[in-house]
Amino acid sequence: MPEKETALAVMTTQTDYLVPFFQNTADDTHCAQATVRMIRKYFEPQLDFTWDELDRGTGKTGLHATWRMAGLIWLQSEGYDVQVIETLDYAAFAHAGVAYLSKVYTPEAVEFEMIWTDLPLERERAKTFTDLVSIQKRSPTQADIEQFLLQGYLVQVTLNRNRLNGWPGYHGHAVLVKGYDASSFIGHDPGLPAIPNRVIDRETFEASWTDRHLVAVRKNSTNWSDQAPLIDRSEGSANSHEAIAH
């Protein structure tokens with residue numbers, strides 16, 4: 001077995017990356033941009049991005065929430081390896097819009113998309129998205145998240161924030177998964193409320209992961225393990241706390 005595979009094989013019980021944290025903006029419309037900001041600051045610590053720059057890179061308009069398409073194309077153009085697993089049929093969405101979403105999303109999720117996102121713009125983007133980004137068209141699993149993390153990727157998922165926090169209803173919400181152990185996933189939740197290093201038990205994670213997609217991202221590099229510092233969570237460790245920015 002190659003040396004790298006051997007190293008990965010002994011890391012299967014837990015892992016957690018030392019990722020800078022950025023919280024959502026006060027208008028509660030930048031959770032996706034916050035996760036992208038964390039990703040870029042982690043892999044390219046010499047760079048800083050303003051919210052305006054992140055809005056342009058991710059294709060955000062006004063107070064709308066953001067679909068992932070424009071941001072993933074941007075990351076890929078900036079030298080990132082982008083892996084997507086999901087069942088959404090982008091061609092069908094581009095053709096039928098809400099009529100298609102109504103077949104694959106819950107009524108609450110469809111209502112959220114209609115109110116909070118720019119669906120005509122996202123339909124236009126969907127026409128070319130699959131030509132630009134490779135997608136495994138299947139339902140992702142928790143095991144997929146673990147394997148990507150072990151390979152040095154950070155993983156962005158959309159969770160139902162209301163279910164995650166024990167509230168009624170639906171609110172689509174981007175969370176960056178950066179670690180796991182046998183019972184939980186460890187994520188940076190940009191909020192609101194913002195919760196860095198949020199420990200989410202696997203049952204709650206699964207129940208909240210109703211938008212079944214997964215985006216795994218890492219900077220293209222042959223030495224990814226050298227740029228992926230792990231958190232030493234032993235008591236008193238100098239690496240037991242992460243950078244937190246707003």
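Would you tally the residues in segment 86-120 being closer than 21 Å to Asp28 by Cβ, hydrophobic (A, V, I, L, M, F, W, C) and over 21 Å from the mean Cα position of the chain (by Cα)? Number satisfying all stated conditions: 2.
Screening the candidates Asp144, Asp211 for the property of being at pLDDT below 95 and either in a helix (DSSP H, G or I) or of a type outside the set (Ser, Thr, Tyr) (or both) yields one hit, Asp211.
If you go through segment 27-46 and keep only what is surrounded by fewer than 18 Cβ atoms within 10 Å (Cβ to Cβ) and either modelled with pLDDT under 95 or in contact with a His (Cβ under 9 Å, 6 or more places away or on another chain) (or both), you end up with Asp27, Asp28, Thr29. Scanning segment 163-184 for residues that are buried (at least 17 other Cβ atoms within 10 Å of the Cβ) and farther than 26 Å from Tyr42 by Cα returns Arg163, Tyr170, His171.
When residues in segment 68-97 are screened for being in a helix (DSSP H, G or I) and either in contact with a strand residue (DSSP E or B) (Cβ under 9 Å, 6 or more places away or on another chain) or within 16 Å of Thr128 (Cβ to Cβ) (or both), 15 of them pass. Scanning segment 103-130 for residues that are of a type in the set (Ser, Thr, Tyr), assigned to a helix (DSSP H, G or I) and surrounded by 15 or more Cβ atoms within 10 Å (Cβ to Cβ) yields a single hit, Thr130. Within segment 13-27, the set of residues being assigned to a loop (DSSP other than H, G, I, E, B) and either farther than 13 Å from Leu63 by Cα or of a type outside the set (A, V, I, L, M) (or both) comprises Thr13, Gln14, Leu18, Val19, Pro20, Gln23, Asn24, Thr25, Asp27. Taking segment 97-114 as the range and being more than 23 Å from Ala207 (Cβ to Cβ) and without any contact (Cβ under 8 Å) to a residue 12 or more places away in the chain as the test, the residues that pass are Ala99, Tyr100.
Every residue, every condition in (1) touching a Gly at 6+ places or on another chain (Cβ under 9 Å); (2) more than 16 Å from Asn24 (Cα to Cα); (3) touching a residue at least 24 places away in the same chain (Cβ under 8 Å), yes or no:
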{"site": "Lys137", "(1), (2), (3)": "no, yes, yes"}
{"site": "Gly166", "(1), (2), (3)": "no, yes, no"}
{"site": "Gly169", "(1), (2), (3)": "no, yes, yes"}
{"site": "Tyr180", "(1), (2), (3)": "no, yes, yes"}
{"site": "Pro190", "(1), (2), (3)": "no, no, yes"}
{"site": "Ile195", "(1), (2), (3)": "yes, no, no"}
{"site": "Phe205", "(1), (2), (3)": "yes, yes, yes"}
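Evaluation of Gly187 against the conditions (1) surrounded by 13 or more Cβ atoms within 10 Å (Cβ to Cβ); (2) within 27 Å of Gln76 (Cβ to Cβ); (3) out of contact with any Asp or Glu (no Cβ under 6 Å at 6 or more places or on another chain); (4) at pLDDT below 95 shows that the sole unmet condition is (4). Residues of segment 28-67 that are part of a loop (DSSP other than H, G, I, E, B), charged (D, E, K, R) and touching a strand residue (DSSP E or B) at 6+ places or on another chain (Cβ under 6 Å): none at all.
Just checking, does segment 128-137 include any residue being within 25 Å of Ala207 (Cα to Cα), under 14 Å from the mean Cα position of the chain (by Cα) and among the charged types (D, E, K, R)? Scanning segment 128-137 turns up no residue that is within 25 Å of Ala207 (Cα to Cα), under 14 Å from the mean Cα position of the chain (by Cα) and among the charged types (D, E, K, R).
Of all the residues in segment 147-162, those that are surrounded by 21 or more Cβ atoms within 10 Å (Cβ to Cβ) and in a helix (DSSP H, G or I) number 3. Taking the stated definitions as given, is Asp201 over 25 Å from Ile135 (Cβ atoms) and either in contact (Cβ under 8 Å) with a residue 60 or more places away in the chain or buried (at least 22 other Cβ atoms within 10 Å of the Cβ) (or both)? Judged against the criteria, Asp201 is not a match. In this structure, Val133 does not qualify as among the aliphatic types (A, V, I, L, M), under 22 Å from His171 (Cα atoms) and surrounded by 13 or more Cβ atoms within 10 Å (Cβ to Cβ).
The values are calculated or read from the model by the stated rules, or taken from the named source; none is laboratory data. For clarity, every value in this text was computed on a predicted model and none was experimentally measured. Quick reminder, even Gly has a Cβ in these numbers, built from the backbone with ideal geometry, and neighbours come from all protein chains shown.
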